[in-house]
Amino acid sequence: MNANIDILYGNIIFYVISNERIKRTEENESLNFIYLMSNRLIILLLATLLPFSAFAQKAKISGIVTDSDGLPLELATVQVKGLLIAAITNEKGQYSLSVNTGDSCTLVFSCLGYNKTQRVIPVVDGDMQVSIRMRTMSFEIGEVTVTEIRKQTNTMDRLDPTKARLATDPTGGSIESLVVTAATGAHQTNELSTQYSVRGGNFDENIVYVNGIEVHRPLLVSSGKQEGMSFINPDLTQSVSFSTGGFEAKYGDKMSSVLDVTYKKPKAFEGAVSASMLGGSVYVGNSSEKFSQVTGFRYKRGTSLLGTLDTKGEYNPTFMDLQTYMTYSFTPQWELSFLGNFAKNTYNFTPNSRSTSFGTIENAKNFTVYYDGTEEDEFNTLFGAATLKYNPTSNTSIGLQVSAFQSQEKETYDIGGEYWLSDIQQIDGSDDTENTLIGTGVFHEHARDRLHSTVVNISQIGSHKFTNNTLLWSIGYQREAIKDRIKEWEMRDSMGYSIPYDENLLKVYSNLYSKNDLKSNRFSGYVQDTYKFRTEQGIFSTTLGLRGSYWDYNKELIISPRGSIGFIPSANQNFTFRFATGLYYQSPFYKEFRVTNKDESGNSYITLNDSIQSQRSIHFVLGGDYGFRFSDRLFKFTTEIYYKKLDHLVPYTVNDVKVRYYGRNVAKGYATGIDLKLFGEFVPGTDSWLSFSLMKTEQDWNGQKSPLPTDQRFAVSLFFTDYFPNNNRIKFNLKGIWSDGLPYPTPNYVYEPRFRSKGYRRIDIGAAYLLLGEDDIARDKKIWSYFKNIWVGVDVFNLLDINNVNSYTWFSDIYGTQYAVPNYLTGRQINIKLVAEF
């Protein structure tokens, strides 16, 4: 209708101008008279019709567009048929447009990859809600259905958490394992751990959110064997988004990546139970008119997996956690939710012996140890978060979040041993070998470490949807209290001499002491706006945000501007382009500002650096997707090029999953590279992907340049799924990783890498058989009516039995010659599992 008004006004102006010109013409008076009368009649007619168009009453039609799974559908177009009135849905699937009352209209809903849908409104008599669920555009290929792939206009890649349920994974089907294969730029070189590095960053540079709340992990954990399970329970997970850089201002102060997880709100009773040789899990969920809950329990015991390590002994690791997410709606506008977690992780180990062969064919060596002693570790965490939300209108949401995290960590061990280091030499003319002893010694390692941490956060959050904009904001306060007690020492004796050798004193090889207490306060906030619009050239999506934070411990104020733009061209909607940049800080969290000092006697002790600054990174990320069909199957090829400028760096070393920092801002550097990924249906009806990454990192510490400790120059990952021909009850999946080795320092050059380890190579394969499916339930409802499906599977971890290096143990003789003995990861292992959904 607005277009008609503009046309009427244009006609009036045209006729008025024409009339004035005719008045000035005196050549033909009769002709002038005819023109004047006709123009005045037209003007009178238009003026009579104008009020009916210009002053017609308006009504607002709004609603939510969702996909077949009920998830919000972004960038869908809602148009009034036959008129130039349209709107585009935001990330919540919401739209709003104005039409004249009293008329009938037809709304046309369209989105790339979905069937066009129409909704007829006979009479518009006031504001109304029209929501619709769009069906995915499908193409039948025999009995297989291929669907379109969702468009990505920002740096947050959406992952399917259901892919983790039957995946072959030594960690038990974790979301993090899905991330390192499905997301480009994320890498993992330890199958016992859920930690990952992203584009040159270490484990501490990754931030994790669950339902918009930041979660923390224990600080003392030093090996993947101790780590247990991650916070995220895949059974409770509804959606997963992951960014390897250039993420929005609403996410916190970390330099590398963000993992954003949303837990499900069940619409009916549901549940599942699973069991395997690694442990088991169970969850149940249900809902009523106002209340919904989902609760899960997990148990893991990796004794059989740890039994494949070189170090033999009695392993007794037990990890368990209980998690719940509950919501209650007082009214349609008020909702209260609660997320709670309790985790108890214990790791008890009594080593017996170890035999490790390493080196080259020409210089092969064997390291043999006989142990005495034990290790007992315990990591207990408690987490709770409550969120109260008020939605005064469909476009506005205001909330208050309160969360608390507490961990009690204990790491104790007294382990001694005698070792023999030998050269392995092949006997001429035979396949036999003989060992030549080149060194013997004894050692004793002792630790009594305790760490208690408490983090309390309170935040006000909000959002408001305008016509084409979505505004987000938050302001929060965080209180941190940490109590750290460390007592460690190690004694070594080589060939009868204590190391380091001193003819006048008896010295230990190393020691460390810490008695520190920290209480501090942080204030943070952000504001962010997302604007989406359509032009003749295509669809644009822009996000601009500003984040600020203040920490009273070092009196530092940091400001982080961030922005991104996405573009889908009208000329070819198979392409998607995006660019993101921003300033990202790594706000110190205890470990970064611990400084190790030595007194005159050579004893080491830890102090806290109150002049520490946040590490800083500037991201530049340019990427794009290309969707195409091959053999009537959908594929998507993704490319991202990035450059990260790093400064105010705190140098660190990585030993297994333990990151130890230098404690001072003394370095700068960069990370740059390219990530490629091919995603699609290599086999009809299944999702598979292949990714490839190239990267180069460098840090400059007082003029000394070296790669970052997490520098992986290349990485290849593969996830492939298949099913048995003519029998979709049997499914196969294969996960493969091949990545470059990491740089490692020697004890004399702690923060200067001197060599690289061997590359990480691993293939895990699994098969699953559908014992019970929908067809079986339909035939015999009495027995199986409570189940949705039952799967039984078998996995083979490390199919090729490759010895991957996790870290190194260093030994030296009295002459200072050092030997790096590799600590190998797990070998080939078979796992049997059962998964039942109800």
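Limited to the stretch 308-318, what total is found for residues that are more than 14 Å from residue 347 (Cα to Cα) and out of contact with any Gly (no Cβ under 7 Å at 6 or more places or on another chain)?
Going through the stretch 308-318 one residue at a time, the tally reaches 4.
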Quiz prompt | Of all residues making up the stretch 547-570, the number that are within 29 Å of residue 590 (Cα to Cα), of a type in the set (A, V, I, L, M) and in contact with a Ser or Thr (Cβ under 7 Å, 6 or more places away or on another chain) | solution = 1
Self-check item: Among (1) at pLDDT below 95; (2) open to solvent by less than 20 Å² (accessible area, probe 1.4 Å); (3) of a type in the set (Lys, Arg), the one test that residue 507 misses
Solution: (2)
Quiz item: If you go through the stretch 344-389 one residue at a time, how many are touching a helix residue (DSSP H, G or I) at 6+ places or on another chain (Cβ under 8 Å) and either among the hydrophobic types (A, V, I, L, M, F, W, C) or at pLDDT below 90 (or both)?
Solution: 2
Quiz item: Can you name the condition, by its number, that residue 305 falls short on among (1) in a strand (DSSP E or B); (2) crowded, with 20+ Cβ neighbours inside 10 Å?
Solution: (1)
Practice problem: Take the stretch 591-638 and flag every residue that is open to solvent by 50 Å² or more (accessible area, probe 1.4 Å), among the hydrophobic types (A, V, I, L, M, F, W, C) and farther than 26 Å from residue 668 by Cα. | Solution: 628, 630, 637
Quiz item: If only one of 583, 546 is open to solvent by less than 40 Å² (accessible area, probe 1.4 Å), within 30 Å of residue 651 (Cα to Cα), part of a strand (DSSP E or B) and at pLDDT 95 or above, which one is it?
Solution: 583
Practice problem: Working only within the stretch 216-249, note down all residues that are open to solvent by 20 Å² or more (accessible area, probe 1.4 Å) and assigned to a strand (DSSP E or B). | Solution: 238, 239, 241
Practice problem: Go through (1) more than 16 Å from residue 246 (Cα to Cα); (2) part of a strand (DSSP E or B); (3) open to solvent by 20 Å² or more (accessible area, probe 1.4 Å) one by one and return the number of the condition residue 568 breaks. | Solution: (3)
Quiz prompt | So residue 91, is it modelled with pLDDT under 80 and not in a strand (DSSP E or B) | solution = yes
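Inspect the stretch 398-410 for any residue being more than 30 Å from residue 453 (Cβ to Cβ), at pLDDT below 95 and open to solvent by 50 Å² or more (accessible area, probe 1.4 Å) and give the result as yes or no.
The answer is no, given that none of the residues of the stretch 398-410 is more than 30 Å from residue 453 (Cβ to Cβ), at pLDDT below 95 and open to solvent by 50 Å² or more (accessible area, probe 1.4 Å).
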Quiz item: Restricting the stretch 557-572 to residues that are among the hydroxyl-bearing types (Ser, Thr, Tyr) and out of contact with any Leu (no Cβ under 7 Å at 6 or more places or on another chain), which is farthest from residue 616 (Cα to Cα)?
Solution: 570
Exercise. Test each condition in (1) over 25 Å from the mean Cα position of the chain (by Cα); (2) touching a residue at least 60 places away in the same chain (Cβ under 8 Å) for residue 629 and report the one that comes out false.
Key: (2)
Quiz prompt | Qualifying residue in the stretch 332-343 (condition: farther than 30 Å from residue 818 by Cβ, at pLDDT below 95 and open to solvent by 30 Å² or more (accessible area, probe 1.4 Å)) | solution = yes
Self-check item: Verdict on residue 53 being at pLDDT below 80 and open to solvent by 20 Å² or more (accessible area, probe 1.4 Å)
Solution: yes
Quiz item: List the pairs whose first member sits in the stretch 181-204 and is farther than 24 Å from residue 589 by Cβ, whose second member is in a loop (DSSP other than H, G, I, E, B), and whose Cβ atoms are under 6 Å apart, counting only residues at least 6 apart or on separate chains?
Solution: 191/170
Exercise. Look through 290, 264, 300, 312 and report the one residue that is touching a residue at least 12 places away in the same chain (Cβ under 8 Å), in contact with a strand residue (DSSP E or B) (Cβ under 6 Å, 6 or more places away or on another chain) and within 30 Å of residue 545 (Cα to Cα).
Key: 264
Practice problem: Search the stretch 135-166 for residues being among the charged types (D, E, K, R), at pLDDT 80 or above and assigned to a strand (DSSP E or B), and hand back the single one that is least open to solvent (accessible area, probe 1.4 Å). | Solution: 157
Self-check item: Extreme residue, farthest from the chain's Cα centre (by Cα), among residues of the stretch 174-215 that are at positive phi and open to solvent by less than 10 Å² (accessible area, probe 1.4 Å)
Solution: 200
Exercise. Being open to solvent by less than 60 Å² (accessible area, probe 1.4 Å), at pLDDT below 95 and under 26 Å from the mean Cα position of the chain (by Cα) narrows it down to one of 709, 747, 684, 753, so name that one.
Key: 709
Quiz item: Restricting attention to the stretch 339-370, which residues are touching a strand residue (DSSP E or B) at 6+ places or on another chain (Cβ under 8 Å), hydroxyl-bearing (Ser, Thr, Tyr) and free of Cβ contacts under 8 Å to residues at least 60 places away in the same chain?
Solution: 346, 350, 353, 355, 368, 370
Quiz item: Would a scan of the stretch 113-128 turn up a residue that is open to solvent by 60 Å² or more (accessible area, probe 1.4 Å), at pLDDT 85 or above, basic (Lys, Arg) and touching a strand residue (DSSP E or B) at 6+ places or on another chain (Cβ under 6 Å)?
Solution: yes
Exercise. Within the stretch 308-331, work out how many residues are loosely packed, with under 14 Cβ neighbours inside 10 Å and either hydroxyl-bearing (Ser, Thr, Tyr) or in a loop (DSSP other than H, G, I, E, B) (or both).
Key: 2
Practice problem: For residues that are in a loop (DSSP other than H, G, I, E, B) and touching a helix residue (DSSP H, G or I) at 6+ places or on another chain (Cβ under 9 Å), tally how many sit in the stretch 597-612. | Solution: 4
Quiz item: Hey, residue 501 hits all of (1) modelled with pLDDT under 95; (2) farther than 28 Å from residue 817 by Cα; (3) not charged (D, E, K, R) but one; which does it fall short on?
Solution: (2)
Quiz item: Can you tell me which residue in the stretch 533-543 is farthest from residue 89 (Cα to Cα), limited to those that are surrounded by 15 or more Cβ atoms within 10 Å (Cβ to Cβ) and over 24 Å from the mean Cα position of the chain (by Cα)?
Solution: 538
Practice problem: For the stretch 660-670, indicate whether the set of residues that are touching a helix residue (DSSP H, G or I) at 6+ places or on another chain (Cβ under 7 Å) and modelled with pLDDT under 95 is non-empty. | Solution: yes
Exercise. Taking residue 564 as the residue in question, decide whether it is within 23 Å of the chain's Cα centre (by Cα) and of a type in the set (Ser, Thr, Tyr).
Key: yes
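The values are calculated or read from the model by the stated rules, or taken from the named source; none is laboratory data. In this text, all values refer to a predicted model and were calculated from it rather than measured experimentally. Using ideal geometry, Cβ is built from the backbone for each residue, glycine included, and neighbour counts are taken over all protein chains shown. Quick note on the areas: whole protein, heavy atoms, side chains included, nothing else; ligands and nucleic acids left out. Shrake-Rupley method; radii C 1.70, N 1.55, O 1.52, S 1.80 Å.
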